[in-house]
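Report on the following structure.
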Amino acid sequence: MDQVSNRSGVGSDDVTDDTSLADLSSDVQAQCLAAPQPPVPTYKQRLEEFKKLFKELPETERLLVDYPCALQRDILLQGRIYLSVNWVCFYSNVFRGTKITLTLKNITNMTREKTARFIPNAIQICTSTDKFFFTSFSAREKSYREVFRMWQNTLMGKVSCFPCLRVKRQSLLKCRANS
């Protein structure tokens, strides 16, 4: 039986190509490091985007936070969920755009959900007429907690102090980092 060799047959069996695996590895790392990173949008940019997308909301409506996620319909529609003082909104530009605006007052139920029966990355928001299944949250618990708090505050007629929540969270993170 003949053996086929990948070597050129020139020189000894120990001769290999001049490019080592370490050289290839460092080239790939250099290419990855050199790739430009998109700038992280500022709050002001997000607020402008929110106001542009949801023109039907009152001009005084204040954006609190937004998260990338997807809306489950016939297909997953990648987009963003926006939480404001009185509204939960969603926008996706897939297939000519999908826009949802829900007043926090009209939400009747909110639950943590799972996709594929075991991945805890979804939230279902219900109104008296519709159910919305949002998935693909990178931090589902944080997203759920913030929307849930705002919803509960609205139902109880409390003035929300969302910036206070952020200050507490930042203080907690600093404490953890220092310990």
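Taking Tyr67, is it part of a strand (DSSP E or B), of a type outside the set (A, V, I, L, M) and either in contact with a Gly (Cβ under 6 Å, 6 or more places away or on another chain) or under 21 Å from Lys158 (Cα atoms) (or both)?
no
List every residue pair whose Cβ atoms sit under 9 Å apart, with the two residues 6 or more apart in sequence or on different chains, where the first one lies in the stretch 115-128 and is under 14 Å from Phe148 (Cα atoms) and the second, anywhere, is assigned to a loop (DSSP other than H, G, I, E, B).
Every condition considered, the pairs that remain are Ala122/Ser136; Ala122/Phe137; Ile123/Phe137.
Could you count how many residues in the stretch 79-107 are in a helix (DSSP H, G or I) and of a type in the set (Ser, Thr, Tyr)?
0
May I ask you to list the residues in the stretch 147-160 that are buried (at least 18 other Cβ atoms within 10 Å of the Cβ) and within 22 Å of Pro68 (Cβ to Cβ)?
If the condition is that a residue be buried (at least 18 other Cβ atoms within 10 Å of the Cβ) and within 22 Å of Pro68 (Cβ to Cβ), then Val147, Met150, Trp151 are the ones that fit.
Can you pull out the residues in the stretch 129-146 that are more than 17 Å from Val65 (Cα to Cα) and free of Cβ contacts under 8 Å to residues at least 40 places away in the same chain?
Correct list: Thr129, Asp130, Lys131.
Just to verify a result, which residue in the stretch 114-133, among those that are in a strand (DSSP E or B) and of a type in the set (Ser, Thr, Tyr), is farthest from the chain's Cα centre (by Cα)?
Thr127
Checking Arg80 against (1) buried (at least 21 other Cβ atoms within 10 Å of the Cβ); (2) touching an Asp or Glu at 6+ places or on another chain (Cβ under 6 Å), only one condition comes out false. Which one?
With (1) buried (at least 21 other Cβ atoms within 10 Å of the Cβ); (2) touching an Asp or Glu at 6+ places or on another chain (Cβ under 6 Å) applied to Arg80, the lone miss is (1).
Counting just the residues of the stretch 89-108 that are basic (Lys, Arg) and closer than 16 Å to Gln78 by Cα, which one comes out surrounded by the most Cβ atoms within 10 Å (Cβ to Cβ)?
Looking at residues that are basic (Lys, Arg) and closer than 16 Å to Gln78 by Cα, I get Lys99.
Only the coordinates and a few stated rules stand behind these numbers; no lab work does. Computed from a predicted model, the values in this text were never measured in an experiment. A quick note on method: Cβ atoms are made from the backbone with ideal geometry, for glycine too, and the neighbour counts reach across all protein chains shown.
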